[in-house]
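The values are calculated or read from the model by the stated rules, or taken from the named source; none is laboratory data. Worth saying up front: this structure is predicted, and the values here are computed from it rather than measured. Don't worry about glycine lacking a Cβ; one is built from the backbone with ideal geometry, like all the others, and counts go over all protein chains shown.
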Amino acid sequence: MLHDMDKYPGYWIRKVFRIMNVVYDKELSKYDLTSSQISVLCNLWNKDGITQKEIQEKLNLRAASVTGLVDTLCDKKFITRIQDNEDARVKRLYLTDKGIEVEKISTDIVKELEGIISKGLTEDEKIIFVSWLKKAYSNFYSMGK
C-alpha cells in the first residue's frame, strides 16, 4: 500500500514544502539568510520587541532551535537583544536597520513563490486549495501541541 505514495496528499504536501524551501533558501542565500531565519524576522516585522520565548511559541519550535536562529541573526546584525526595562531577566529582540530592509526582499521572493505555486489556478481554485490546506492543518494542529 505504501508503494503508491504519490496517491497520498501528505506525500505531495511534503514534496511541495521541500522544493519551496529549496527555492526560497536559494533566493535568500543572496542576502545571507535562510527561510528559517526569515520566520524569526517575520515575527519581528509583525511586532518588534517580542521575546525569544514568544517567537518559540509562535513558531512551535524547541528553545534550542530558536536560540540558534536568534544567535545567528544577531551575529549577522539583522536583530539585536536588549534587556527589558521592567524585568532584567527578560531580553527583547529588536530589528536593526538591516533587518527592516530585508522585509521587502523577503516579501518579493514570497510573492514570486506564491505565483509559482498557484500558476494555472483560477482565483476560485486558489481559495479552495487554501481552504483544503487550512483543514489539513487544523486536523493536525491539536496533535502537535
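Condition first: within 23 Å of D32 (Cβ to Cβ), assigned to a loop (DSSP other than H, G, I, E, B) and either of a type in the set (A, V, I, L, M, F, W, C) or modelled with pLDDT under 95 (or both). Now tell me which residues in the stretch 56-88 satisfy that. If the condition is that a residue be within 23 Å of D32 (Cβ to Cβ), assigned to a loop (DSSP other than H, G, I, E, B) and either of a type in the set (A, V, I, L, M, F, W, C) or modelled with pLDDT under 95 (or both), then L61, F78 are the ones that fit.
In the stretch 88-143, what residues are of a type in the set (A, V, I, L, M, F, W, C) and within 30 Å of K77 (Cβ to Cβ)? Hits for the stretch 88-143 are A88, V90, L93, L95, I100, V102, I105, I109, V110, L113. Considered as a group, the residues in the stretch 25-51 that are among the acidic types (D, E) and surrounded by 14 or more Cβ atoms within 10 Å (Cβ to Cβ) include one that is nearest to E112 (Cα to Cα), and that residue is E27.
Among residues that are without any contact (Cβ under 8 Å) to a residue 40 or more places away in the chain, touching a Cys at 6+ places or on another chain (Cβ under 8 Å), surrounded by 12 or more Cβ atoms within 10 Å (Cβ to Cβ) and among the hydroxyl-bearing types (S, T, Y), T80 is included. Looking across the stretch 117-145, the residues that are exposed (fewer than 10 other Cβ atoms within 10 Å of the Cβ), over 20 Å from the mean Cα position of the chain (by Cα) and in a loop (DSSP other than H, G, I, E, B) come down to K119, G120, T122.
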